[in-house]
1. Compute the helix-to-body angle for 30-54: its Cα long axis versus the longest principal axis of the chain, expressed 0 to 90° and rounded to tens.
2. If you take the Cα Rg of region 1-119 and divide it by 2.2 N^0.38 Å, with N the number of residues, what do you get?
3. Lys/Arg Cβ at +1, Asp/Glu Cβ at -1, dipole of region 3-177 taken about the Cα centre: which of LEU37, ALA156, TRP63 is farthest positive-ward?
4. Taking 0.36 nm per residue of separation and subtracting the Cα-Cα distance, what length does fully extending ALA82 through ARG8 add?
5. Taking region 1-53 on its own, what percent of its Cα-Cα pair distances exceed 17 Å?
6. Work out the FRET efficiency for ASP62 and SER121 from their Cβ-Cβ distance, taking R0 = 41 Å, and round it to the nearest 0.05.
7. Please work out the FRET efficiency for the pair SER128 and ALA31, using the Cβ-Cβ distance as r and a Förster radius of 25 Å; give the result to the nearest 0.05.
8. Report the residue, chosen from GLU48, GLU105, GLU16, that carries the largest GNM mean-square fluctuation when the chain is represented by alpha-carbon nodes joined by springs under 10 Å.
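Quick note: the coordinates plus some simple rules give every number you see, no bench work behind them. Small disclaimer: the values here were computed from a predicted structure and weren't measured. Every residue, glycine as well, gets a Cβ built from its backbone with ideal geometry; the counts of neighbours run over all protein chains shown.
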Amino acid sequence: MKAHLALRHATRARHEEVDAAFGRFRLDDRAGYAAFLQTQAAAHLPVERALEEAGAGQVLPDWAARRRAPLLRADLADLGMAADELPPPSLTGEAAILGAIYVLEGSRLGGAYLVRGVPLSLPRRFLSAPAAPGSWRALQAHLDARLADDAALEAAITAADTIFACFATAGRQQLELS
């Protein structure tokens with residue numbers, strides 16, 4: 001099985017948990033959308049920072065173009081909001097970096113769908129962040145090439161699961177506040 005498919009299969013349950021938590025937000029009104037962005041930021045910002053510190057730019061050459069933290073911060077600022085960030089995850093090694101990037105890039109794909117439900121009057125940079133043509137397929141090919149052995153694949157799966165857990169935790173914490 002190709003590595004990107006193994007990642008998807010192995011993290012499916014955690015991914016569904018995140019989708020359920022974030023699916024509860026109303027994106028069609030300011031308060032619900034602001035809460036959604038704050039919750040995204042609680043997980044996304046420390047994950048992206050951890051990727052920077054771990055050397056994601058050396059692992060994936062177009063990493064800088066994939067970063068969305070500045071867009072998320074700008075959207076929150078436009079809404080007069082800030083984020084309470086979770087502690088950053090520990091990401092060590094190429095496989096862990098790739099597992100984390102897999103989750104964030106999957107989130108970008110989801111954002112392209114979710115942005116349709118956000119009114120044009122609200123800031124939408126984070127969800128509508130453009131991806132370079134073919135970037136998802138290029139990432140899949142990179143995952144398949146770099147995660148060819150069992151140890152690397154397992155490390156990527158563990159990291160991806162950890163990142164999904166960060167988002168699930170952020171979602172649960174926000175639900176407890178509401």
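1. 30
2. Relative to the 2.2 N^0.38 Å estimate, region 1-119 comes out at 1.09.
3. LEU37
4. 23.5 nm
5. Here the tail beyond 17 Å accounts for 56 percent of pairs.
6. Working: r = 32 Å, r/R0 = 0.78.
Result of the calculation: an efficiency of 0.80.
7. Calculated value: 0.80.
8. GLU16
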